[in-house]
1. Within segment 445-461, can you find the residues that are of a type in the set (Val, Ile, Thr) and surrounded by 19 or more Cβ atoms within 10 Å (Cβ to Cβ)?
2. Which one of these does Thr423 not meet: (1) surrounded by fewer than 24 Cβ atoms within 10 Å (Cβ to Cβ); (2) over 16 Å from Thr444 (Cα atoms)?
3. Considering each of Arg502, Arg512 in turn, give the residue that is surrounded by 13 or more Cβ atoms within 10 Å (Cβ to Cβ) and of a type in the set (Lys, Arg).
4. Report, by residue number, each residue of segment 278-298 that is outside any strand (DSSP E or B) and either open to solvent by less than 20 Å² (accessible area, probe 1.4 Å) or of a type in the set (S, T, N, Q) (or both).
5. Within segment 540-562, track down each residue that is among the charged types (D, E, K, R) and surrounded by 16 or more Cβ atoms within 10 Å (Cβ to Cβ).
6. I'd like the full set of residues that are over 14 Å from Ser355 (Cα atoms) and either buried (at least 22 other Cβ atoms within 10 Å of the Cβ) or in contact with an Asp or Glu (Cβ under 9 Å, 6 or more places away or on another chain) (or both), limited to segment 426-444.
7. Restricting attention to segment 338-358, does a residue exist that is of a type in the set (Lys, Arg), in a helix (DSSP H, G or I) and assigned by the TED database to the domain that holds Ala449?
8. State which residue pairs qualify: first residue closer than 17 Å to Val550 by Cβ and inside segment 586-613, second residue open to solvent by less than 20 Å² (accessible area, probe 1.4 Å) and of a type in the set (Val, Ile, Thr) in any location, beta carbons under 6 Å apart, and separation of 6 or more residues or different chains.
Amino acid sequence: MAGRAPARPRPAARTAPARPAGRRGRHPGRLRRAGPGPRRRAAAGRGVRRGDRAGGAPGALARGALPGHRAGRRARRYGQGARQAGHRHRPAGPDRGRRGGRVVGRRLVGHAAEAQPGAVRAGALGRAPGARVHAGAGPDRRARAGRRRLAGGVAAPARGAAPHRRRGRDRRRAGGRPAGLPRADARQRRADRRRAGRRTPRRPPRPGDAQAGALRRRDRARRPARPRGLPGRRLRADRPHSRHLPGATVKLHHRVDGPSGAPLLVLGPSLGTTMEIWRPQLPALTDSWRVLRYDLPGHGGSPPAKDFTVGDLAQAVLDLVEDERFAAGGISLGGAIAATIATRAPVRELVLCCSSARFGEPGPWHGRAALVRGKGVAALVPTLRTRWFTPGFDGQWVLDQLTEVDARSYAACCEALAAFDLTGRLGEITARTLVIAGAEDPATPLDHALTLAGGIPGASLTVVPHASHLANVERPEPVTQAIAAHLADSGGGLEAGMRTRREVLGDAHVDRAVAATTDFTRDFQELITRYAWDEIWNRPGLDRRTRSCVTLTALVARGQLEELAMHVRAALRNGLTRDEIKEVLLQTAVYCGVPAANAAFAVARRTLADIDANGL
């Protein structure tokens, strides 16, 4: 080619013994340098060798031979001569035998003669600078279509040299590696240059670089954060937590009665009634429990609502009590809500009065909902009178509550009961459960109560004679006794221990301890209340004054000075005088050690001074 530097002289290669033709090297088209001799072809009309390229010399064709090339492996296999060993051949041309320049066209297979064995004629079809041509020996020899393509198909484009090969070519032209130098030696030479410190220097800083960097950092800070997750998938920011299932938002009116430090008991009403349905049981339960009562949507003080389920009502009750561990109960629909709560939260005790795991077929409930939407709740009064009470019982004060019920909310409750079915989940309830049934209840017959008692592990059943659906109103005494006995057995002295604890330590101290109770410490607080303050402090063998003396001595011996200050106050409440407290501490100096008694006297002195200043 015009303007190209003359090729460097190449040393003659040594002749190697003939070997079987096979695939060697990294690329099937890799060329080996051929030594001088008759195998070198210089005429364009000679056979074309595999790996030859057009564009290597002026006027070369796609099917022509290039000067300085020898036959490829396929030609050598069929009589072109033994393979020549030696340095790699770098033929003349602008790409020095590499993959050539940028593609300017595609190499085509012209006709069937090029796709099948037959005569191959050199022609202008498919000529493109850098295009690969195929092995052949001349116009009378046969050849195959390149890359097994079909006749008339478009072959792969003849690409230019890869960037990393072009960079290597430029380095060789600049004298980086002589032609024929083994690649391992070239890598070694490059490693030597790196160790010598020959690296491209970094661009010196320019004015404005710092400001540009600050602007880029500002733009990145303003850019919205990419949500984490799998690539290509967006996170759902509105996906609710598993404990807060999607559903209607329901707000319930409620009221709490009973001592502040007592355990919590949640009671739910029946459909069509308010929290006043539990009025007969309230005095007995509030002696030892904080009783939380609530109204259903559209009943009593609760606002109207629609399109909710029993699960939504259970979640609304859980929102009222937050994370506190509590006992739950209810009558009819209230019992269904309590049972649903017991499948979601660690309920201590469960009371299900005249309730069911499934309130019959959905059809009658949908019919009642349609009736209420058309004629109002007052249209149900005659029917509910016979279902709620046995003949002859006057329950007018309960029936009067129907006049205050919102019709749409009542219909929504009917639809929620139509869809309610907890039969398959009764085994998930772990709370101690009491099931109460009315012997003459037509709404939830005894079979429903037996299903609850048989499905909930360890549940007990109490049947109230001569009672209908609202058994707690018609027969309040047996129902109250059954509930109180069930809750008292569950407490195991918790209520009595809490009373003794308040009497000995004072309400202020106990209230602070109860307020500081968490889920992590709640069981421990119940443990010491039940066993220490009930089963030990309430035993008849010693009076409280003597127990205070024993407690002071034990705390001094163990060095529990913080507890000692608390029990110095308790000793005064239990009837000990200051002189008697001093005598107890003097006794500990002999049997517990003088240093322990010295620290105990210091604590007692500070405690008594605080009592003088602020009171007991």
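1. Pass one, segment 445-461, residues of a type in the set (Val, Ile, Thr): 451, 456.
Once the filter is applied, which keeps residues that are of a type in the set (Val, Ile, Thr) and surrounded by 19 or more Cβ atoms within 10 Å (Cβ to Cβ), segment 445-461 yields only Ile456.
2. So the condition that Thr423 fails would be (2).
3. Working: Arg512 fails: surrounded by 13 or more Cβ atoms within 10 Å (Cβ to Cβ).
Every option except Arg502 fails the conditions.
4. Passing the criteria: Trp278, Gln281, Leu285, Thr286, Ser288, Trp289, Asp295, Leu296, Pro297, Gly298.
5. Arg544, Arg547
6. If the condition is that a residue be over 14 Å from Ser355 (Cα atoms) and either buried (at least 22 other Cβ atoms within 10 Å of the Cβ) or in contact with an Asp or Glu (Cβ under 9 Å, 6 or more places away or on another chain) (or both), then Ile429, Ala431, Arg432 are the ones that fit.
7. The answer is no, given that none of the residues of segment 338-358 is of a type in the set (Lys, Arg), in a helix (DSSP H, G or I) and assigned by the TED database to the domain that holds Ala449.
8. These pairs meet every condition: Thr588/Val556; Cys592/Val556; Ala596/Val556; Ala597/Thr588; Ala600/Val556; Ala604/Val568.
The values are calculated or read from the model by the stated rules, or taken from the named source; none is laboratory data. In this text, all values refer to a predicted model and were calculated from it rather than measured experimentally. Counting neighbours? That spans all protein chains shown, and the Cβs are built from the backbone with ideal geometry, glycine included. The protein model used for the area step is the full one, side chains on, heavy atoms only, and it has no ligands, DNA or RNA in it. Shrake-Rupley method; radii C 1.70, N 1.55, O 1.52, S 1.80 Å.
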